[in-house]
Every structure is written in structure tokens, then in C-alpha cells.
Ligand code: HEM
């Protein structure tokens, strides 16, 4: 091929690539955030990343009775090939603080854990106070606008002088939250009584340019750490034990934190497997000091009832204090309820045995995998017999990642997402099964 022809082909190639990108950006804007959009610097749509404020959340008119039957979006964050990456998606602000049938249980557990464990799970430094206050205002505003029948406004004052401020009734817990000045509690306590998420408040220190954890309400860390080890430290220290942090995450996270605007919220999800649905310490992260014979214990549990514990996370920046708010909340999915979702058992089995070595260790997959492998093999054979997959189906991340294939089809406004599996019982809460099992001293 001569030089001119080569150049011509490159120009044609580039213009096709460019128009594909433009079409995609228009498409993202049209369909909005309902389709999970992988966020990389070059893929920002027009409104996203500008200085426009975020749109108000859309009201979801469910009643406290309906919440008891409401399931949230079905997360399936299983990727293959599996590399440690940021894996963040643009967040539809309606899903910042999600609602589901576990809400009441989580709020009650938060209170129990706060009173019992104090600073192990709830702590704040004085320099984070203004950010916590701004967060309290934002969470209140969000809950009232997104769930008008679940959070009602008894007093709607501006925060100016003593006696001013808001009074809200949480119609699910029936608690009245008096947030008038002077506040009777720390702002994070009100936040924690409104939303079922764990909250981390991160501020940039202008002196060294590093991002520090200045306040946290984290009753559900799952057991691999507690907040007293993290408060007052910066992001690198917080992630010191995270596999491949230095090589795969550190740089992109720093760049992201530096640029992220208040109208650029994102979400992500990670996961591991455990045989319980406890919130403060998962069995898989228990230590022998508190629960000896872990291996014996797990063998008593039927593999089909093992749960994938998804840690669903969001990140957003507050406009006034510029604090970064990181939220996390666990959601449990049993292996049984995902059994007829194409490739899910195959992906889990593959990751449990062939995922990156340090991730396998960090998630303690070695402890559970041999107990689950026979059952996962049965499910894979079953999927083939049902024609859901074949020997030729490629084992890779599914097109609806990070959600189940039915995320867009099995939804209604009263019940939320409806798992189509005949064996899924919507009225059951996984946490109820563990109610009668005594907790270890650390939970
Ligand atoms: C884009 C931003 C972030 C990314 C990509 C990220 C990524 C990760 C990853 C990969 C892990 C290991 C667990 C997993 O598989 O998910 C982790 C753990 C953790 N992250 Fe982040 N993270 C981010 C932001 C934050 C922020 C802002 C905080 C707030 C302080 C935070 C706090 C934590 C904590 C406390 C852990 C547990 C660490 C441990 O096991 O000791 N992360 N993060």
C-alpha cells in the first residue's frame, strides 16, 4: 500500500471512530443513567462534568407498608477477566440512597451497633464538622424528595439561628428527627437514622494535597477492618491492604478525586461470599478468637444458601465544603436465587479458583470455595440442560453487568425489582434466618 492510501485509511478510520463516540455520547444523554455507563475520562456526556447542579430526585411514591416488599436493583458485579480496576459507573441520583425491604433492619442494627461499639464504628474529627452538617442537609433533602411518603416534613426552616432548621418524621421507624439548631446530636447520627448506608467523609488537606477520612458512620464494615483503624488517615493508608492498590488503583483514584465535580456522582460494587447475612462482621472475616472452628461451622450450611455479599458503593462531592462522600451498603444474594441466570454460576466458580491471587486471599475465597464447588458444578450442568448456556458460551462479563439480565424487564413501581426465579421468595429477608443464631462477642 502506498503512503497516501495508508494516510487516507487512517483518516477514514479516525472519523468513523469519532462519529461513533459522538453517537454514543448522544445515546448516553438520551437514555440517561438507567444504563450503567462506565466512566472514563474520555466518555463523559455533556451535562455530566459541567457546572450545572444535579437534577432533583424523582419522587418514588411508595408507602411504609410497600417498603416491606420492595427489592432494590439486582447487582451481579461478576467480571471475567477479573482485574483490579476502579470500575465506577455514572450514578443516577435517584439511586444515591436506595430503599428496600431491609431498610428497617439496617436502621435498627445501626442503632444497636452504635450504642454497643461506639468509636469502633462511628467517629469524627472536629475539622469534618461542617462537611457532616452539609451532608445532613443533603441527605434530609434527598430522602424527603425521593421518598415523600416515607419521610415527612414537620418543620421546614432554614439553618440560621437557634430554633431554625428541619424536623422530619421517619414514617418507617416512626422516629421524629429534630434537626433544629442547636443540634442535640452530631449531624452524622441524623444521617445514620435516615439512610441505610455507611458513610465516609473525606477532605483534602491543603497542606499535603492528600485526601483524609475526617468522619465516618460505618456500622457494617463486614469484619475486615473497623473504623478506629482508618479515621484520620489518608486514602493510601486506608487502602494499604487492598490488593493491587498501588499498581492498579492509586493513580487513577487520585486523578479522579482531583477532578470530580459535585454533579458527577458515581457508583461501584465489590463482592465476596459468606454463609451468613450479618452486617458488622461477616463469618468469612471472623477471627478464631471470637469464633473458633470456622471451617466446621461453614460446612453445616447448605451451599445453596451461601450469600454473595455485594458492597454497593457511591461517591459524590458536596458543593459547599467540597468533601467527598463515600457510601457503602451490603446487599445479599443467595447462590440459589441466581442459579438460572446465564453464566452466573460459571463466573463465580471461575473467579473463586482462578481470580488474581491476592484478591482470592483478601476475600478469603480459599475458605469457602471447596465447599461450594460441587454445587456450582451442578448449577452449571443444570444451565446447560435447560439450554441457558452451552459448552460454547463464552465465559466472560455479561452484557448487563453490573446487574442481573432481568434488571430492565422485571420492575414495577410498587414492588421494585422482581426476581423471576420460581424459587425466589420475595417476602423473605435473608437477615431473618440469622436472628436466632447467637452473635460472637465481636458479633
Ligand atoms: C474510586 C474510588 C475508590 C475505589 C476504586 C476504591 C476501591 C477499593 C477496593 C478495590 C477495595 C477492596 C475491596 C473491594 O474489592 O472493593 C477498597 C476497600 C476499601 N475502601 Fe475503597 N475505593 C475507593 C474510594 C474509597 C473512599 C473514598 C473511601 C473512604 C475512606 C474508601 C474506603 C475503603 C475502605 C475502608 C476499604 C476497606 C479496606 C480494608 O480492607 O482494610 N474507598 N476500596
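Laid out as a table, the results:
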| read-out | value |
| --- | --- |
| Inter-part distance where segment 188-218 and segment 333-352 are each reduced to a Cα centre, Å | 34 |
| Projected-area mean, segment 158-292, by convex hull of Cα positions, square nanometres | 12.0 |
| Shape call, segment 339-443: gyration tensor on alpha carbons, a/c limit 1.5 | oblate |
| Cβ-based exposure ranking for 409, 207, in which fewest neighbours within 10 Å come first | 207, 409 |
| Calculated [θ] (222 nm, deg cm²/dmol) that DSSP helices of n ≥ 4 give over the chain, each run adding -39,500 (n - 2.57) | -9500 deg cm²/dmol |
| Computed over segment 309-350, Cα set: Rg, Dmax in Å | 16.4, 47 |
| Projected-area average for the chain over all orientations - Cα convex hull basis, square nanometres | 25.1 |
| Label zone at residue 251 (point 7 Å along Cα-to-Cβ), backbone N below 17 Å, segment 57-89 | 84-87 |
| Calculated Rg and Dmax of segment 210-273 using C-alpha coordinates, Å | 12.9, 34 |
| Distance in nm between pseudo-label sites at residue 244 and residue 371 (7 Å out along the Cβ direction from Cα) | 2.7 |
| Compactness of segment 269-346 - radius of gyration and Dmax, Cα, Å | 16.4, 52 |
| Per-pair calculated FRET efficiency, R0 = 30 Å: residue 300 and residue 119 via Cβ, rounded to 0.05 | 0.30 |
| Order of 425, 363 under a 10 Å beta carbon neighbour criterion, fewest first | 425, 363 |
| Mean separation of Cα contacts under 8 Å (6+ apart) over length of the chain, as relative contact order % | 19 |
| Rel. contact order, % - alpha carbon contacts under 8 angstrom, at least six apart, segment 299-368 | 25 |
| Over segment 92-190, volume per residue of the alpha carbon convex hull, in Å³ | 118 |
| Average silhouette area of segment 239-377, convex hull of alpha-carbon atoms, in square nanometres | 10.3 |
| Residue among 100, 162, 340 with the largest mean-square fluctuation in a Gaussian network model of the chain, springs linking Cα atoms under 10 Å | 162 |
| For segment 90-207: relative contact order, % (alpha-carbon pairs under 8 angstrom, 6 or more apart) | 27 |
| Footprinting exposure proxy for 314, 400, 393 (fewest neighbouring C-beta atoms within 10 Å first) | 393, 400, 314 |
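Every read-out reported here was derived from the displayed coordinates using simple, explicitly stated rules and does not represent laboratory data. Note that the structure is predicted; figures quoted are calculated from it, not measured. When we count neighbours, we look across all protein chains shown, and the Cβ atoms used for this are built from the backbone with ideal geometry, even at glycine.
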